[in-house]
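Peer 1: Got a structure for you, questions after.
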Number of protein chains: 2
Amino acid sequence: MPLRPVTRRSVSDEVFDQLLDGVVDGDLVAGEPLPSERRLAEVLGISRPAVREALQRIAQTGLVEVRHGGATTVRDFRRAAGLDLLPRLLVRGGRLDAAIGRSVIEARAEVGPGIAALAATRGGPGLAAGLDEVIDRMTATADAIAWQELALDYWDLLVDGADSLVFRLMYNSLRTAYEPALPALAAVLADEVGQVEPYRLLAAAIRAGDAQTARAAASRVLTPTAEALLTAFAALETSEAEQ
Amino acid sequence: MPLRPVTRRSVSDEVFDQLLDGVVDGDLVAGEPLPSERRLAEVLGISRPAVREALQRIAQTGLVEVRHGGATTVRDFRRAAGLDLLPRLLVRGGRLDAAIGRSVIEARAEVGPGIAALAATRGGPGLAAGLDEVIDRMTATADAIAWQELALDYWDLLVDGADSLVFRLMYNSLRTAYEPALPALAAVLADEVGQVEPYRLLAAAIRAGDAQTARAAASRVLTPTAEALLTAFAALETSEAEQ
DNA sequence: GTGGTCAAGTGGTAAGACCAGTTGCGATCG
DNA sequence: CGATCGCAACTGGTCTTACCACTTGACCAC
């Protein structure tokens, strides 16, 4: 029995999740006002500061708009939310959303090669050396989860090499969304373990400073994973539809 | 004298900004503990709940980590922050950060064509019709700011057509970063006003459902703006270096 | 050295009061 | 009669104080 760290949930965490679910599920309609803080505190049986902390956090993500003196109104999260919301949408209630998962794969396939191209232009041999080191650790790995973590480390270096804050922040958001689901996804990607050749080719293109080759090589790195995940998501959706 | 809406800043807003600046500027070193909430409240001359609200919001963005019973520690925002932080980084203290601005342009040039390709595959003629309507409004516009806003509307439709939540959220984050700087940028992009032809070509590719053409057309839409902004940023950086 | 205990410090929650804006209704004035 | 002003009754914003829950580290007994 693998002991897991216990998850403590504070009251405001709980309220935060309830509000988030309400907005995303549409129970809280965009444009409609939220109950007042005092009312929420009363209904939920908690203190007003606890409600406020949850509301402030929800407002920080753009899901609601609070106006001093006026009512707090729900916003359309598809319009107002930023990429930071992705982790909370991809896996909700312990379940993976297949449609969103597919969207993540698409974005990865689109953005990844661009990052590789920038990294090839700016990274230099130092970056390539770091990538080679990760590849060495990959060759020594048989565990699917450890493999995926190394793949993330590999991309982490690549993003650093691209030297672009926007791509860095995008990557952080995507990684935060990806990591909780990693154990589940690693099982689907078990066949990938040991396939280091694409990673080597990409590292070589980086070392050569060849942006176009790097772009193509990155695509080759991402494609097998993308296809495996897409078929897995499709299977997940049909099984859900049957229920 | 053009009257502007007054900006009300609450106490917790003020603290939030101070903490954010501290983390981003490095005054608050990553890994180091923050002063306790009681101490912060004392030093800042405000109540503890106000401090807590600011801290919770900062924690929501990933800049600090709070642990019940333990100290609240600063995190490396380059590692921990998501794309939602971009608006706060791009324009800080009323000034535009040229390096980050360049990064935004790069990301836009990389992601935009991908969105256009997806939109061509999924949008259909309904999307093209909507785009045409925006184009019509663009032709009737001489004001640079209004033009930029229409360009954003155009992309908004495109992102909708791509039918990808991740790209939608990315776009929202980028737009939130972009919009506050729009008046300043519009001046740089004044020459663009009236150049609707690239937009028409892209709309045509969307209507035809031709992803490859749409990708190229999107690139043609973005390139002139990108070049103009990059040169402007370069000039901005040299002028800053002189100071 | 191992484990247990305890005190001090930290964040988490609660209650109540008051300040500061917004809204809408009704009295008032033209 | 209609437009306007002003006053209540909301709303969120802040403060104070107290206590609970958790972590840490020092100390002590085994």
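The values are calculated or read from the model by the stated rules, or taken from the named source; none is laboratory data. Only a predicted model underlies this, so the values are computations on that prediction, with no experimental measurement involved. Using ideal geometry, Cβ is built from the backbone for each residue, glycine included, and neighbour counts are taken over all protein chains shown. These accessible areas exclude ligands, DNA and RNA; they are computed on the full protein's heavy atoms, side chains included. Shrake-Rupley method; radii C 1.70, N 1.55, O 1.52, S 1.80 Å.
Peer 1: So, in the stretch B:68-82, exactly how many residues are touching a strand residue (DSSP E or B) at 6+ places or on another chain (Cβ under 8 Å), in a loop (DSSP other than H, G, I, E, B) and within 12 Å of DNA strand C (Cβ to nearest atom)?
Peer 2: Qualifying residue count for the region: 2.
Peer 1: Looking at the stretch A:134-148 only, could you name the residues that are among the polar types (S, T, N, Q) and open to solvent by less than 20 Å² (accessible area, probe 1.4 Å)?
Peer 2: If the condition is that a residue be among the polar types (S, T, N, Q) and open to solvent by less than 20 Å² (accessible area, probe 1.4 Å), then A:Gln148 is the only one that fits.
Peer 1: With the structure loaded, tell me whether A:Arg175 is of a type outside the set (S, T, N, Q), assigned by TED's automatic domain parsing to the domain that holds A:Ala204, over 22 Å from the mean Cα position of the chain (by Cα) and surrounded by fewer than 24 Cβ atoms within 10 Å (Cβ to Cβ) or whether it fails that test.
Peer 2: Against the criterion (of a type outside the set (S, T, N, Q), assigned by TED's automatic domain parsing to the domain that holds A:Ala204, over 22 Å from the mean Cα position of the chain (by Cα) and surrounded by fewer than 24 Cβ atoms within 10 Å (Cβ to Cβ)), A:Arg175 does not qualify.
Peer 1: Report yes if B:Ala151 is part of a helix (DSSP H, G or I), farther than 30 Å from A:Ile105 by Cα, open to solvent by less than 50 Å² (accessible area, probe 1.4 Å) and more than 12 Å from chain A (Cβ to nearest Cβ), otherwise no.
Peer 2: no
Peer 1: Restricting attention to the stretch B:111-137, which residues are within 12 Å of chain A (Cβ to nearest Cβ) and β-branched (Val, Ile, Thr)?
Peer 2: Those that are within 12 Å of chain A (Cβ to nearest Cβ) and β-branched (Val, Ile, Thr): B:Val111, B:Ile115, B:Thr121.
Peer 1: Only one residue in A:Val6, A:Val74, A:Val29, A:Val24 is within 27 Å of B:Leu20 (Cα to Cα) and of a type in the set (A, V, I, L, M), so which one is that?
Peer 2: Just one listed residue meets the conditions, A:Val74.
Peer 1: Please give the number of the condition B:Leu28 fails out of (1) part of a helix (DSSP H, G or I); (2) in contact with a Gly (Cβ under 9 Å, 6 or more places away or on another chain).
Peer 2: (1)
Peer 1: Another question, then. Give the stretch A:61-75 a look and list any residue that's more than 6 Å from DNA strand D (Cβ to nearest atom) and either among the polar types (S, T, N, Q) or buried (at least 16 other Cβ atoms within 10 Å of the Cβ) (or both), or say none.
Peer 2: Those that are more than 6 Å from DNA strand D (Cβ to nearest atom) and either among the polar types (S, T, N, Q) or buried (at least 16 other Cβ atoms within 10 Å of the Cβ) (or both): A:Thr61, A:Gly62, A:Leu63, A:Val64, A:Thr73, A:Val74, A:Arg75.
Peer 1: May I ask you to list the residues in the stretch B:178-204 that are among the small types (Gly, Ala, Ser) and surrounded by 23 or more Cβ atoms within 10 Å (Cβ to Cβ)?
Peer 2: Across the stretch B:178-204, the qualifying residue is only B:Ala203.
Yes/no per residue for (1) of a type in the set (A, V, I, L, M, F, W, C); (2) more than 9 Å from chain A (Cβ to nearest Cβ):
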site	(1), (2)
B:Gly69	no, yes
B:Arg75	no, yes
B:Leu86	yes, no
B:Val91	yes, yes
B:Gly101	no, yes
B:Ala109	yes, no
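Peer 1: Could you give me the residue pairs with C-beta distances under 9 Å whose first residue belongs to the stretch A:21-37 and is on the phi > 0 side of the Ramachandran plot, whose second residue is within 14 Å of DNA strand C (Cβ to nearest atom) and open to solvent by less than 70 Å² (accessible area, probe 1.4 Å) wherever it lies, and which are 6+ apart or on separate chains?
Peer 2: Short answer, once both residue conditions are applied: A:Gly31/A:Thr73.
Peer 1: Within the stretch B:24-55, can you find the residues that are away from DNA strand D (no atom under 12 Å from the Cβ) and within 10 Å of another protein chain (Cβ to nearest Cβ)?
Peer 2: B:Leu55
Peer 1: Let me ask something else about it. Is it the case, given these coordinates, that B:Asp21 is away from DNA strand D (no atom under 13 Å from the Cβ), open to solvent by 40 Å² or more (accessible area, probe 1.4 Å), outside any loop (DSSP other than H, G, I, E, B) and over 26 Å from A:Ser47 (Cβ atoms)?
Peer 2: Working: away from DNA strand D (no atom under 13 Å from the Cβ): yes; open to solvent by 40 Å² or more (accessible area, probe 1.4 Å): yes; outside any loop (DSSP other than H, G, I, E, B): yes; over 26 Å from A:Ser47 (Cβ atoms): yes.
Spelling it out, B:Asp21 is indeed away from DNA strand D (no atom under 13 Å from the Cβ), open to solvent by 40 Å² or more (accessible area, probe 1.4 Å), outside any loop (DSSP other than H, G, I, E, B) and over 26 Å from A:Ser47 (Cβ atoms).
Peer 1: I'm told B:Thr7 meets every condition in (1) open to solvent by 80 Å² or more (accessible area, probe 1.4 Å); (2) more than 13 Å from every other protein chain (Cβ to nearest Cβ); (3) in a loop (DSSP other than H, G, I, E, B) except one. Can you identify the failing condition by its number?
Peer 2: Status for B:Thr7: all satisfied but (2).
Peer 1: Taking the stretch B:191-243 on its own, how many of its residues are part of a helix (DSSP H, G or I) and under 25 Å from B:Ala140 (Cα atoms)?
Peer 2: 27
Peer 1: Tell me, please, whether a residue that is part of a strand (DSSP E or B), in contact with a Ser or Thr (Cβ under 9 Å, 6 or more places away or on another chain) and within 30 Å of A:Ala119 (Cα to Cα) can be found in the stretch B:46-64.
Peer 2: Taking every residue of the stretch B:46-64 in turn, at least one turns out to be part of a strand (DSSP E or B), in contact with a Ser or Thr (Cβ under 9 Å, 6 or more places away or on another chain) and within 30 Å of A:Ala119 (Cα to Cα).
Peer 1: Same structure again: Do you know which residues across the stretch B:29-55 are open to solvent by 30 Å² or more (accessible area, probe 1.4 Å), within 14 Å of DNA strand C (Cβ to nearest atom) and not hydrophobic (A, V, I, L, M, F, W, C)?
Peer 2: Within the stretch B:29-55, B:Glu32, B:Pro33, B:Pro35, B:Ser36, B:Glu37, B:Arg38, B:Arg39, B:Glu42, B:Ser47, B:Arg48, B:Pro49, B:Arg52 qualify.
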